[in-house]
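Have a look at the structure below before the remarks.
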Amino acid sequence: MRPRRPPAPLIDLALVGVSLLDVWVNVHGDERPALACALLGAFALMLRRRLPLTTFVLTLPSVLVTDAVFATLAALYTLASLTRHRVLLGVCAAAFTACNITVWSWPTPEFADPSDASSTLIAVSYSLAEAVAPVFLGQLAQARRELSLRLAEISKVREREQSLITQTVLAKERAQLAREMHDVVSHQVSLIAVQAGALQVRSHDAEVRETASAIRRLSVHTLDELRHMVSVLRASGSRPTELTPQPSLADLRQLVVGSGLDAQLNTDLPDGLAPPLQRAVYRTVQEALTNVRKHAPGARTTIRVQHEDGTVLATVTNTAPTRPPLPLPGSRHGLVGLRQRAELLGGTITSGPTADGGYEVHLELPADGTS
């Protein structure tokens with residue numbers, strides 16, 4: 001984890017403090033004009049972020065008349081870190097070098113002895129290096145800052161690209177699944193509905209006709225849901241698509257009637273229950289009736305849904321089967337999904353055999369559950 005950078009005002013105050021220390025060490029108190037220039041340069045650092053060039057100009061006289069150069073170097077570094085104008089930086093570095101090799105004493109200026117070429121060359125080289133260093137460091141800081149911004153932009157672009165790739169893959173999978181559902185599942189369900197309708201018309205047995213009617217009705221309903229799901233899958237995430245309208249307690253009686261079972265429904269629930277509660281009760285009854293059809297043919301079923309002491313109770317109980325069950329495939333995930341749904345709503349669901357050879361599913365949910 002990268003350490004936190006100190007606040008900008010705190011850094012500026014620290015630079016002013018170091019500049020004042022530089023003034024105290026290198027400027028004598030009796031040199032009033034020189035002291036004024038040095039103090040001006042030190043306090044001008046408070047403007048370095050907003051007016052970097054102005055700040056450098058205000059600090060430059062201190063280099064000309066004193067040995068206190070820290071404020072000017074700090075201002076030059078700030079200017080180099082904020083500007084791309086290379087010519088301007090060269091001019092500023094040259095101005096610092098010229099001022100630094102000129103010793104201006106009060107009241108008479110003194111220049112380096114031109115006869116001593118070696119010392120002059122050394123002084124110029126030293127001053128030039130002293131000016132180039134903050135320019136180089138400032139440009140380096142600017143490049144590092146821009147590189148960090150570019151890397152952040154690249155990371156965002158990569159995340160966006162990965163998201164688009166994922167969406168594209170999901171869209172292809174959904175389109176393929178839609179084709180499979182339309183070409184295979186929908187076709188077979190249509191055949192079931194047609195065959196059930198033919199059986200209903202041709203049979204002379206009343207019980208067979210009633211069973212065929214229930215099969216045809218359920219097949220048609222399933223086919224409608226499949227067609228809607230195919231349209232949802234074909235949307236492939238391009239736009240929000242509404243799923244099949246979610247069931248509520250108002251659909252519970254129709255579910256029981258259309259199940260084709262010998263079932264009795266008893267409900268005693270107040271109006272205005274939260275939609276998640278209503279869906280949980282509906283799905284529990286639906287799964288329980290499906291299990292009765294698969295595993296307990298001929299059994300009588302009782303569905304009790306009621307409200308007691310702030311708790312919604314739903315119980316589905318069936319008697320022992322009167323015929324052997326058909327070997328139908330199943331995912332064995334129905335009750336697991338119901339248990340997870342109940343836990344999300346703060347409730348519980350239990351299931352197990354009864355003493356008379358039947359089976360019972362019992363759901364308990366807090367009436368104020370809205371998850």
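Read-outs throughout are calculated quantities, based only on the coordinates presented, and are distinct from any laboratory measurement. Source: prediction; values computed, not measured. Please note: Cβ atoms are built from the backbone with ideal geometry, for glycine as well, and neighbour counts cover all protein chains shown.
Share of Cα-Cα pairs in region 249-366 beyond 19 Å, in percent?
Percentage above 19 Å: 44.
How large is the translational diffusion coefficient of the chain in µm² per second when you combine the Kirkwood radius over alpha carbon pairs with Stokes-Einstein at 25 °C and 0.890 mPa s?
84
Between Ala342, Leu273, Gly358, whose Cα lies farthest towards the positive end of the dipole of region 249-366 when Lys and Arg beta carbons carry +1 and Asp and Glu beta carbons carry -1, centred on the Cα centre?
Gly358
So if we plug the beta-carbon distance of Gln167 and Arg144 into 1/(1 + (r/R0)^6) with R0 = 25 Å, what FRET efficiency do we get, rounded to 0.05?
Rounded to the nearest 0.05, the efficiency is 0.10.
Just for the Cα atoms in region 8-153, what are the lengths along the principal axes, largest first, rounded to whole Å?
Reported extents, whole Å, longest axis first: 57, 34, 20.
Rounded to the nearest 20 Debye, what is the dipole magnitude of the chain about its Cα centre when Lys and Arg each give +1 and Asp and Glu each give -1 at the C-beta?
For the chain, the charge dipole is close to 1260 debye.
Going by average Cβ neighbours within 10 Å, how do the peptides 18-27, 304-313, 152-161 rank, with the highest at the top?
Packing proxy ranking, top to bottom: 18-27, 304-313, 152-161.
Quick one: which residues, 5 or more positions from Gly358 or on another chain, have an amide H under 5 Å from its amide H? H modelled 1.01 Å from N in the peptide plane, none for Pro or chain starts.
HN-HN under 5 Å from Gly358: Ala320.
Over the chain, what is the relative contact order in whole percent, taking alpha-carbon pairs under 8 Å and six or more residues apart?
Taking the mean separation of contacting Cα pairs over the length of the chain, I get 9 percent.
Find which of Leu20, Thr211, Ala36 sits farthest along the positive direction of the dipole of the chain, computed with +1 on the beta-carbon of Lys and Arg, -1 on that of Asp and Glu, about the Cα centre.
Most positive-ward Cα: Thr211.
Given only helices, namely DSSP H runs of n ≥ 4 each adding -39500 (n - 2.57), what is the per-residue ellipticity at 222 nm of the chain, to the nearest 500 deg cm²/dmol?
Using -39500 (n - 2.57) per qualifying helix, the result is -21000 deg cm²/dmol.
Sequence-distant or interchain residues sharing an amide H contact under 5 Å with Arg300, placed H: which?
Sorted by chain and number, the residues that satisfy this are Thr319.
Give the residue from Ser231, Leu199, Ile122 lying farthest towards the positive end of the charge dipole for the chain; charges sit on Cβ (+1 for Lys and Arg, -1 for Asp and Glu) and the dipole is referred to the Cα centre.
Positive-end residue among those listed: Leu199.
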